[in-house]
Amino acid sequence: MRKLFLGFLVATISTTLLVSGSSADLIDADESFATPNDWQAGQHNILFTDQATGELFSTLFDEAKTQDKTVDPTCKSLADSTCTSQNLRFQALIPVCQSSSDLNCIVSVTAKKEDGTELVGEFSRYFPTKAQNAYEGSVEKKLPTGATSSLFTIPGAPHNGGNAYLASVYLAGNVNKQSGANLSEFSARITPVQPQTAPMITGSCGVSSCPDAGWAFNERTPSQGWRQQGPGFDGTHSCAATAVKESLCAQRFGFPENFRFTIKIRLNQAPTGWMHGRIADPIINISEESGVTTISVDAIPVRVPIVYKSNLWTELPPEIKSAYS
């Protein structure tokens, strides 16, 4: 799978090739590797991948409230009366810009042919429609609004699963109610996707009754209370994002050949540090004017391998077992 991933200190477009125990286990480079749902007692496995397997989500929360699992730690805004701490933590998948004056938002997603023809992506919907812990941002305090990933269509740049591309721009840090927000993480991804029904991933609590990724009260095991949670694996799908309440998975696909891809973002805080990632021939522009930072990354997808192997403990060779004794 290829995906554009530009991170805090990171900018990436990549494609994935699975490498397993033997050459017979190699899959086609344009296929998306689905993490096996093969857990059983006594099993040991290892997975090397280019990004964490957990799903990104938006939340504004009061760390002081996380000590009591019976209490919802999330906040609807900085003015939320249930969040009394002066300092809060935030994680934000930022929305799409609706006007030229909007801040902390995705300006555009585009593809470019070899002849230079630019194909502008058309925003289709948010995925999921609303974040589990959606919250209102504050331009004054430089706090981004907590939304979800954005689905764009680019009809002139079809991939094997259609023409949909998921854009996920993630900001995280802390915010003081008086002095404002400090940005500690920044990343962005473009992933070719196709929305697919995935009830085994998204309906484990009963169809359409599971929460989306984020903080939620665990009704199946109330003793665990409020905790950060998300969907699991079914061994079939590789989801760039999930819309649990709709039983949908944004299934990953490979990028089409001979295209460049660009994401443009507008922020009121400038990320600091190095831009790096798995991309080819990148053109990165960062400009600042009157307190507004515009970031544009234009690059070619590259291939990144994934390594996965599982064995029962009884099947492992002595030299590996000895490392755990």
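Can we say residue 306 is in a strand (DSSP E or B) and of a type in the set (Val, Ile, Thr)?
Taking the combined requirement at face value, the residue satisfies it.
From the list 14, 23, exactly one residue is in contact with a strand residue (DSSP E or B) (Cβ under 6 Å, 6 or more places away or on another chain), of a type in the set (S, T, N, Q), over 25 Å from residue 224 (Cα atoms) and modelled with pLDDT under 85. Which is it?
14
Name the strands (runs of 3 or more DSSP E) wholly inside the range 67-166 in which the number of residues that are touching a residue at least 40 places away in the same chain (Cβ under 8 Å) and buried (at least 22 other Cβ atoms within 10 Å of the Cβ) is 3 or more.
Of the strands (runs of 3 or more DSSP E) lying wholly inside the range 67-166, those with at least 3 residues that are touching a residue at least 40 places away in the same chain (Cβ under 8 Å) and buried (at least 22 other Cβ atoms within 10 Å of the Cβ) span 87-93, 105-113, 149-153.
Among the listed residues 156, 121, 146, 137, identify the single one that is within 18 Å of the chain's Cα centre (by Cα), among the small types (Gly, Ala, Ser) and modelled with pLDDT of 95 or more.
So the residue among 156, 121, 146, 137 that is within 18 Å of the chain's Cα centre (by Cα), among the small types (Gly, Ala, Ser) and modelled with pLDDT of 95 or more is 146.
Looking at the range 272-301, which of its residues are out of contact with any Gly (no Cβ under 7 Å at 6 or more places or on another chain) and modelled with pLDDT under 90?
Answer for the range 272-301, where residues must be out of contact with any Gly (no Cβ under 7 Å at 6 or more places or on another chain) and modelled with pLDDT under 90: 272, 273, 274, 275, 276, 278, 279, 301.
Mind counting the residues in the range 40-65 that are surrounded by 11 or more Cβ atoms within 10 Å (Cβ to Cβ), among the aliphatic types (A, V, I, L, M) and under 30 Å from residue 129 (Cβ atoms)?
Number satisfying all stated conditions: 2.
Is there a residue being among the hydrophobic types (A, V, I, L, M, F, W, C), more than 17 Å from residue 33 (Cβ to Cβ) and either surrounded by fewer than 20 Cβ atoms within 10 Å (Cβ to Cβ) or over 15 Å from the mean Cα position of the chain (by Cα) (or both) anywhere in the range 221-228?
For the range 221-228, residues among the hydrophobic types (A, V, I, L, M, F, W, C), more than 17 Å from residue 33 (Cβ to Cβ) and either surrounded by fewer than 20 Cβ atoms within 10 Å (Cβ to Cβ) or over 15 Å from the mean Cα position of the chain (by Cα) (or both): present.
Keeping to the range 272-297, report how many residues are under 21 Å from residue 258 (Cβ atoms), over 22 Å from the mean Cα position of the chain (by Cα) and among the charged types (D, E, K, R).
Result for the range 272-297: 1.
Residues 183, 171: which one is surrounded by 24 or more Cβ atoms within 10 Å (Cβ to Cβ) and either in a strand (DSSP E or B) or more than 13 Å from the chain's Cα centre (by Cα) (or both)?
After applying the criteria, what remains is 171.
Of the numbered conditions (1) more than 17 Å from the chain's Cα centre (by Cα); (2) closer than 30 Å to residue 130 by Cβ; (3) touching a residue at least 60 places away in the same chain (Cβ under 8 Å), residue 232 fails exactly one; give the number of that condition.
Result: residue 232 passes all but (1).
The values are calculated or read from the model by the stated rules, or taken from the named source; none is laboratory data. None of the values given here were measured: they were computed from a predicted structure. Because the Cβ atoms are built from the backbone with ideal geometry, glycine has one as well, and the counts that use them run over all protein chains shown.
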